[in-house]
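As structure tokens, the structure follows; a few thoughts come after it.
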Amino acid sequence: MPSDLREQIRAVEERLRLAMLVSDQIVLDELISPELLFTNHFGQLCGKEDDLALHRSGVLKISQLQASEQHIQVDAQLAIVSVRMAVAGSYDGYAFSEDLRYTRVWRNAADGKWAIVAGHSSRITGPEA
């Protein structure tokens, strides 16, 4: 796997993490494909507009996103990332703290920009926790 592609994915993952922490809708809009299919850790399917609306409304406030593991598979067009995250914040005024694993699929567009087209998150509850 070309290391420059891996570095590109590490960079967009970090941009995503930082944008989520401050609810930067401009960066989130850039990094999330209009075709996004994301299944959250409750099994709910969300799209790009659902995600952006949570940040825009202030319903979701993230105070911590700390990666402890990251695995990347990438080629010129697609990248798959699995990352473990300690996530904390509030949802609709209620505090939460979770140990989650995210899987994201990034697609490289014709303009060379990477965007998330699919994702999934799940709670880590077993021996890994």
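Numbers at a glance
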quantity: Residue match in region 4-18 (condition: crowded, with 16+ Cβ neighbours inside 10 Å and in a strand (DSSP E or B)); calculated: no
quantity: SER23 being over 15 Å from ALA115 (Cβ atoms) and exposed (fewer than 14 other Cβ atoms within 10 Å of the Cβ); calculated: no
quantity: Selection from region 56-102 of residues that are farther than 16 Å from MET20 by Cβ and among the acidic types (Asp, Glu); calculated: GLU69, ASP75, ASP92, ASP99
quantity: The listed residue being in contact with a His (Cβ under 6 Å, 6 or more places away or on another chain) and surrounded by fewer than 15 Cβ atoms within 10 Å (Cβ to Cβ), out of SER63, SER82; calculated: SER82
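Bear in mind these aren't lab numbers, they're just calculated from the coordinates by the rules spelled out. What you are looking at is a predicted structure, and each value in this text was computed from that prediction instead of being measured. As a convention, Cβ positions derive from the backbone with ideal geometry for all residues, glycine included, and neighbour counts pool all protein chains shown.
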